[in-house]
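Below is one structure, written out as structure tokens; the observations come after it.
The values are calculated or read from the model by the stated rules, or taken from the named source; none is laboratory data. Keep in mind that this is a model prediction, so the values were computed, not measured. FYI the Cβ positions are ideal-geometry reconstructions off the backbone, even for glycines, and counts take in every protein chain you see.
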Ligand code: SAH
């Protein structure tokens, strides 16, 4: 994995929220939780709300200061329910996730922290200063503060979707053939169908239209068109199969 996502909770006071966050992280296939100046993750509420994500809780490293928790991170993304008095602009969660998805594909091994604030007061200005970007989940502007565990869930979900949805295959290999390549293919196919007696142009019965609409629904790639045209060419100029060596 090119991108390693680390979820950091700062100053959490309700153990249940730590458990719910651990569960959300594991649900979305991530593993790393770090805790900065939070209550104990060993409290019963944390374990109950983790609902089986005990491994994430047990492996959660604990720190006194945010700076120590993100010391190994190449980027630190803060989360906030509202625009704060700082220079970093708020970006929508999905946009941040999309650019993480792009980095995931391109980058060398990188660790990125997603930082979540206190239940009542969020992240302090000093903590926000340590963030290179700030993310907001855009919701009802009159009621924009999510429960901490819910915020972790949404961010983890968006990141998981963005990281998995970007194909690692070079896109040119998957791109559908151009309209021009399709036209050449249809002309070639029609000629072969006529010359082999399959298609009678005097009695077309909308055959070409039907074939074209089939290929519109299942657009082949350039590579696939080359294979199909190779078959048509071989049908026009059949060569006897190579004899087996005895
Ligand atoms: N009154 C606080 C709310 C804190 S909610 C404030 O205005 O900042 C606790 C944490 O959940 C926040 O620090 C943030 O990390 C996360 N959170 C809650 N709602 C969010 C939202 N709409 N977008 C992004 N993060 C959110």
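Details
- Of all residue pairs spaced 6 or more apart or on separate chains, those with beta-carbon atoms under 6 Å, a first member in the range 133-158 that is closer than 17 Å to residue 90 by Cβ and a second member that is part of a helix (DSSP H, G or I) and more than 9 Å from the ligand (Cβ to nearest atom) are 135/96; 158/94; 158/97.
- Candidates are the residues of the range 44-83 that are surrounded by 16 or more Cβ atoms within 10 Å (Cβ to Cβ) and assigned to a loop (DSSP other than H, G, I, E, B); the one that is nearest to the ligand (Cβ to nearest atom) is 81.
- Pick from the range 106-132, criterion crowded, with 20+ Cβ neighbours inside 10 Å and under 20 Å from residue 30 (Cβ atoms), ranking: farthest from the ligand (Cβ to nearest atom): 112
- Of the residues examined, residue 105 is one that is out of contact with any helix residue (DSSP H, G or I) (no Cβ under 7 Å at 6 or more places or on another chain), assigned by TED's automatic domain parsing to the domain that holds residue 33 and farther than 26 Å from residue 37 by Cβ.
- Consider the range 212-246 and keep the residues that are assigned to a loop (DSSP other than H, G, I, E, B) and under 28 Å from residue 175 (Cβ atoms). The one that is modelled with the highest pLDDT is 220.
- Residues that are surrounded by 24 or more Cβ atoms within 10 Å (Cβ to Cβ) and outside any strand (DSSP E or B), drawn from the range 1-37: 17, 18, 19, 20, 21, 22, 24, 25
- Single residue of the range 136-153 satisfying the filter (crowded, with 17+ Cβ neighbours inside 10 Å and more than 6 Å from the ligand (Cβ to nearest atom)) that is farthest from residue 25 (Cα to Cα): 149
- Listed conditions (1) under 17 Å from the mean Cα position of the chain (by Cα); (2) within 10 Å of the ligand (Cβ to nearest atom); (3) in contact (Cβ under 8 Å) with a residue 60 or more places away in the chain are all met by residue 103, apart from (2).
- Filtering 45, 37 for residues that are closer than 16 Å to residue 123 by Cα and at pLDDT 95 or above leaves a single hit, 37.
- Identity of the residue in the range 199-211, assigned to a loop (DSSP other than H, G, I, E, B) and surrounded by fewer than 11 Cβ atoms within 10 Å (Cβ to Cβ), that ends up modelled with the lowest pLDDT: 205
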